[in-house]
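Quick note: the coordinates plus some simple rules give every number you see, no bench work behind them. Owing to the predicted nature of the structure, the values given are computational and were not obtained by experimental measurement. Note that each Cβ is placed from the backbone with ideal geometry, even for glycine, and that neighbours are counted across all protein chains shown.
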Amino acid sequence: MAGAAAGAGGAVVLRRLPRGVPVPVPICAMAVAALWVAVGERASEGLPVWWWPVPLVLGWAGVLLAGADLVARRLPDALTLPAYPVCAVLLGAAVVGAGNAELLIRATAGALLWAGGYAAVRFVAPSALGGGDVKLAGSLGALTAATSWPGLLLAVLAANVFTAAVAGPARLCGYRDVPHGPAMLAAAWLVVLHPPV
């Protein structure tokens, strides 16, 4: 119930923002509810309480961002830019909960690596990635690297595999390109379902 309300509320807010995106409210409500149920299942299997906010918040924001990218082919700055301080707060709380400051070091390096790598790709081949993808990569890099170095690598590779898997059939159906944001978000969310090691 809480996930559905959060998804619906987020979709309504996203529609009303300057340059808002009309994402479908019922779909956002159902998707966030499903992701939050999955987090609840992981919590019952031993996911530490101090890590719960990470997949919950990423699930909520991920549904809204993926919806915006699919509907309008852009990742709104109103969500990608505030993600950085939100990630800092979430990871700061995780450091306190885990008693392990190393995850902050990994998170900072992960943000620089994923965003830096995507910025380099965009510089060399501007049509390969959008600016929103580069902005999103930093916060996702922080969250996934906080889990582990293999988590960061898995998220980056999986995002590219997911996009490539959809791009082929999409081209057969007449679409020139597919948005990369949803694949980035899905890959990162699957990684953060596992706590830092």
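What the table below lists for this structure:
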read-out	value
Positions within region 48-82 being of a type outside the set (A, V, I, L, M), part of a helix (DSSP H, G or I) and over 19 Å from residue 115 (Cβ atoms), in sequence order	50, 51, 53, 55, 59, 60, 67
Condition broken by residue 85, with the remaining ones in (1) farther than 17 Å from residue 131 by Cα; (2) part of a loop (DSSP other than H, G, I, E, B) satisfied	(2)
Filtered residue count, region 3-25, keeping only those that are in contact with a Gly (Cβ under 9 Å, 6 or more places away or on another chain), assigned to a helix (DSSP H, G or I) and surrounded by fewer than 18 Cβ atoms within 10 Å (Cβ to Cβ)	2
Residues that are without any contact (Cβ under 8 Å) to a residue 60 or more places away in the chain and either among the basic types (Lys, Arg) or over 13 Å from residue 158 (Cβ atoms) (or both), drawn from region 175-193	175, 176, 177, 178
Candidate set from region 92-111 (those that are part of a helix (DSSP H, G or I) and not small (Gly, Ala, Ser)); member that is surrounded by the most Cβ atoms within 10 Å (Cβ to Cβ)	106
Count - residues of region 53-74 that are in contact with a Cys (Cβ under 7 Å, 6 or more places away or on another chain) and of a type outside the set (Val, Ile, Thr)	2
Of all residues in region 130-151 being of a type in the set (A, V, I, L, M) and crowded, with 23+ Cβ neighbours inside 10 Å, the one that is nearest to the chain's Cα centre (by Cα)	140
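Yes/no matrix, rows are residues, columns are (1) acidic (Asp, Glu); (2) in contact with a Pro (Cβ under 9 Å, 6 or more places away or on another chain):
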{"residue": "71", "(1), (2)": "no, yes"}
{"residue": "79", "(1), (2)": "no, no"}
{"residue": "88", "(1), (2)": "no, no"}
{"residue": "96", "(1), (2)": "no, no"}
{"residue": "127", "(1), (2)": "no, no"}
{"residue": "133", "(1), (2)": "yes, yes"}
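For every residue, the table says whether it meets (1) under 28 Å from residue 52 (Cα atoms); (2) part of a helix (DSSP H, G or I); (3) touching a strand residue (DSSP E or B) at 6+ places or on another chain (Cβ under 9 Å).
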position	(1), (2), (3)
129	no, no, no
137	yes, yes, no
150	yes, yes, no
169	no, yes, no
188	yes, yes, no
194	yes, no, no
